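Student: Before we start, here is the structure in question, set down as structure tokens.
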Amino acid sequence: MTNAAWETLGNQAVAAAGLAYFIALLVHLAEWAALRQPAAREAALVGETRGLENDALVEEVALQPSRDLGRRTASERVAFLGRLGFLVTCIAAAAHLVAMVGRGMAADPNRVPWGNMYEFTVSGTFVVTLMYLVLHRRFRLDWMAPIVVGFVLTILMVAVIWLHEPVQPLMESLNSYWLVIHVVSAVIATGAFTLGGIASIMYLVKMRAGEGSTTKGGWLRRVPGLDTLDKLAYRVHAFAFPVWTFAVLITGPIWAHEAWSRYWNWDPKEVWAFITWVVYACYLHARATAGWKGRNAAILALVGLATLWFNFIGINYFSSTSQHSYAIEGPELVQRTTVLE
Amino acid sequence: MSSPDERPVGRGELTARELVRWTWRQVTSMRTALVLLLLLALAAIPGSVVPQAGVDAIAVTRWKDEHPDLTPIYEKLDLFSVYDSIWFSAIYLLLVLSLVGCIVPRLFVYARAFRAQPPPAPRNLSRLPDHSSYETALPADEVLARARAVLGKRYRLRKAEDASAGGDAVSAERGYLREAGNLLFHLSVLIVLAGFAIGGLFGYQGGVILVQGSTFGNNLTQYDDFDPGGLFTPEQLDEFDFTVEDFDVEWVESGAGAGTARGFRAGLSYREGDAREQEYNLRVNHPLSINDTDVFLIGHGYAPVITIRDGEGNIASTGPTPFLPQDQSFVSFGVVKTAAAEPGQIGLEGLLYPTFYLYDGDPASVFPDARNPLVSMLVYTGDLGLDTGESQSIYVLDKSNATQVTDEDGKPFRVDLSVGETVKLPDGLGSVTLEGVKPWVRVQISQTPGKEVALLGVVLALIGLCGSLYVRPRRVWVRARTVAAGDAGDTMAGRTTTVVEVAGLDRSGNGDLAEVLADLVADLKKAAPQDEGDLP
Ligand code: HEM
């Protein structure tokens, strides 16, 4: 295949992935909509019962087989739509992967697909999806489906509309295998932090709504309890933090040393990577500090996420001094003073 | 480490000792660490907004020119060197203090805990949040022996004791490495800081622009800019010299990214001390290391070779002059000046177009490679400030006392030269010739002592972190007691049964203890298949 063909494939695969994510989103929304009905009917049946807050109970009630055979009950439909949505998301992820491979193969020489913001975004969102799919069973993430899919779809659209650039060879300083390791780990950590951030947001939303809101039906009651959310968020963050440490404090400096002669230069990109790191360290501390657990920790996690994304988006656009800006690699401008005799 | 001790300080007189104690407790509390970390993150922000002298000195100068009012205030606040400032240092030094105060005592606690046995089982296991129990016909001591066998594989066990001292239970504990990881992580932060400090104090960074063919000898006078650490001494400079023999750029000729450099390399021949001459291909990402010194290729540009003859026909100046690229098109700005010309000093200021093309009457460069180079410069004469002996940037022409040279119509006289061309200056000032264009490379030369220390520190920190985050410490107890079977009016009085209680404490907050206990119970039962039928 020619490079142009690979590039076309990459672009088409992004479109296909976007379409599949969109379908998955619709399916999951239908699932949520279907969820309201049995809940409402069941609530009417059970009357004043307060036990519905309990996830297990909800499941149990929802899974009771229907009496009138032949027709699918609402709860079966929910389960079916959930599975269907998951399957479509898997297909979307596959197309997403093809899109990344296509980008990499289109470049001459072939390279990893994260030479600019468009490619970084496509890769980062892929990691979000991948982590969601991998953790789906283990952490029972059904409730997260529409949020994750909707998020990935939105970001992909932003990437395609505003960030898209034709495939280019890597600029010299990015052409290093340290780049590969550095960016792979940064992308993985970014995806994981984002997923953890979603859990933290849901923690705050659920806390705001109060656990009592769960009896009213609607999607919030599919969201697990505060304790579960907190633990989920912690586990995902606890995975992402060491990866981030590896990316920005080990491979980043090694690469910087080779490319620019300074392993740590307080360049704006580095400053913000450091800030992100410190804020997430705060989050981990907060979880072990009385009075900071729970809500404050969740807020810190979101502050961390904000710094992370600001670093990625903001610094590239607003900072002209960053050597990391993917946009240009400015030639060295130097002030030279000499005594003229 | 838990919440700080906030016992209200007595209203009466507070002895100095108490005050010191109280302050120390505050400083080393977890909450203080948290707040200091947040402060550190906040304090780092200004350095990403205001240009930093250590990062980009030119940007700082430009910023100061644009904001004359703010400059004195910013200077007072050290905003141009945030990361060396007193207030930034104060935060991280406090953090270090807090860290040491927090970690050192914990080291001792840990050392003791590491040698200690798991604590005895609590009297009432069913009070613990995670517990379960079952009955079996096996005798209690057999159950306990099994528990020891099952748990012993992955837990540390408390020595068996006789029944009076809690001998009816097995105490098991695991996950000692979590705390070790945590301690290692925090101590490694100190190692990283030490490495960083060594580099800042003893290292240096220097830069030099070298036109192809020129030689650099490693001593202070040869650097264009030099930024030493506080404790740097010139004796540290390694003895070597090198010559830039040639320089190549591989340009992307077409397609997306056309006109960008795919790669560039400078062929060096270098010599360490008196050793034999060696060759090295200097490329981006592939520095040359000579002893403790690293040589990096970080930029390139063009130096037109311009000869100025004065009004008397003598060569007043000749040779390559580096011009500075303005952007990616490599249109470059530069100045050529000479004090040796008669009747007056001559200064040229203008642009070099690497591949010149007249586009709708406007000069432009269509490719960054020097394929059709042209210099286009304005001419000045009079007092160019070259006689004062003061240091002057070679990229700036001091025009304050100079006059611009004009043609007959009074318009500014412009020198436009392709390679090999000569232009006569008006008023008998002389002539200017463009002999050729040579590439230059910008080379960064630095020593970064302590970088291995810092690297070791972060690697250790990462290892510690993984231990601290993934090791799950927990304690598990199994108690087996013999009780009379069926107290409630059982006919077979005298028969006994064994009640086994299992409970645990998870100290990592991971919350999967219930599963762990369920597995344990299953294991205990599996180890005794024959009594399955006896279960009630
Ligand atoms: C240089 C600044 C510091 C950084 C970057 C930092 C970072 C971290 C990180 C990432 C963790 C998570 C590991 C874990 O959960 O076990 C942690 C845990 C911990 N840190 Fe720090 N820390 C710093 C300073 C301090 C200080 C000053 C103290 C003492 C007051 C402290 C006490 C602790 C404790 C007790 C834990 C364990 C929490 C737990 O049991 O989960 N740290 N720290």
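The values are calculated or read from the model by the stated rules, or taken from the named source; none is laboratory data. Nothing here was measured: the structure is a model prediction, and the numbers come from that model. We place every Cβ from the backbone using ideal geometry, glycine too, and count neighbours over all the protein chains shown. We work out accessible area using only protein heavy atoms, side chains counted, and drop any ligands, DNA or RNA first. Shrake-Rupley method; radii C 1.70, N 1.55, O 1.52, S 1.80 Å.
Student: Past 24 Å, Cα to Cα, is the threshold; run A:Lys206/A:Lys231; A:Lys231/B:Lys153; B:Lys64/B:Lys399; A:Lys269/B:Lys438; B:Lys399/B:Lys424 against it and keep the listed order.
Tutor: Checking Cα-Cα distances, A:Lys231/B:Lys153; A:Lys269/B:Lys438 exceed 24 Å.
Student: Over the Cα atoms of segment B:16-114, compute the convex hull volume and normalise it per residue, giving Å³.
Tutor: Hull volume over Cα atoms, normalised by residue count, gives 123 Å³.
Student: Separate question: So, with a 1.4 angstrom probe, what is the percent of accessible area on segment B:301-441 that is carbon and sulfur?
Tutor: Carbon with sulfur: 48 percent of the solvent-accessible area.
Student: Points 7 angstrom from Cα along the Cβ direction at B:Glu408 and B:Asp292: gap in nanometres?
Tutor: 6.7 nm
Student: While we're looking at this one, here's another question. Dividing the convex hull volume of the Cα atoms of segment B:301-441 by its residue count, what figure in Å³ per residue is obtained? Let's see the in-between values first.
Tutor: On the way: hull volume 15.9 nm³, N = 141.
Dividing the Cα hull volume of segment B:301-441 by its residue count gives 113 Å³.
Student: Sticking with this one: Mean projection of the alpha-carbon convex hull of segment B:337-414 over all orientations, in nm²?
Tutor: Seen from a random direction, the Cα hull of segment B:337-414 projects 6.9 nm² on average.
Student: Same structure, new question: May I ask you to give the solvent-accessible area per residue for chain B, in square angstrom, as obtained with a 1.4 angstrom probe?
Tutor: Heavy-atom SASA per residue in chain B reads 50 Å².
Student: For segment B:97-103, in order, what is each residue's ³J(HN,Hα) by Karplus, 6.51 cos²θ - 1.76 cosθ + 1.60 with θ = phi - 60°, in whole Hz (x at glycine and Pro)?
Tutor: In residue order, the calculated couplings are 4, 4, 4, 4, x, 8, 7 Hz.
Student: If you keep only loop residues by DSSP, which trypsin sites (Lys or Arg not before Pro) in segment B:238-281 have at most 11 other Cβ atoms within 10 Å of their Cβ?
Tutor: B:Arg276
Student: With a 1.4 Å probe, how much accessible area is buried between chains A and B, both sides summed, in Å² to the nearest hundred?
Tutor: Accessible area lost upon association: around 6400 Å².
Student: Could you calculate the contour length gain from B:Leu93 to B:Tyr134, that is, 0.36 nm times the residue separation minus the distance between their Cα atoms, to one decimal place in nm? Working shown, then result.
Tutor: Working: separation 41, 0.36 × 41 = 14.76 nm, distance 5.56 nm.
Length gained, B:Leu93 through B:Tyr134: 9.2 nm.
Student: Multiply the residue gap between B:Asp69 and B:Glu239 by 0.36 nm, knock off their C-alpha separation, and tell me the result in nm, one decimal place.
Tutor: Contour length minus Cα-Cα distance gives 56.6 nm.
Student: Continuing with this model, one more query. Name the residues of segment B:201-230 whose accessible area, probed at 1.4 Å, falls by at least 20 Å² once all protein chains are in place instead of their chain on its own?
Tutor: At a threshold of 20 Å² (probe 1.4 Å), the residues of segment B:201-230 that become less exposed are B:Gln205, B:Ile209, B:Asp224.
Student: Could you give the C-alpha radius of gyration of chain B expressed as a fraction of 2.2 N^0.38 Å, taking N as the number of residues it contains?
Tutor: Computed over Cα atoms of chain B, the ratio equals 1.61.
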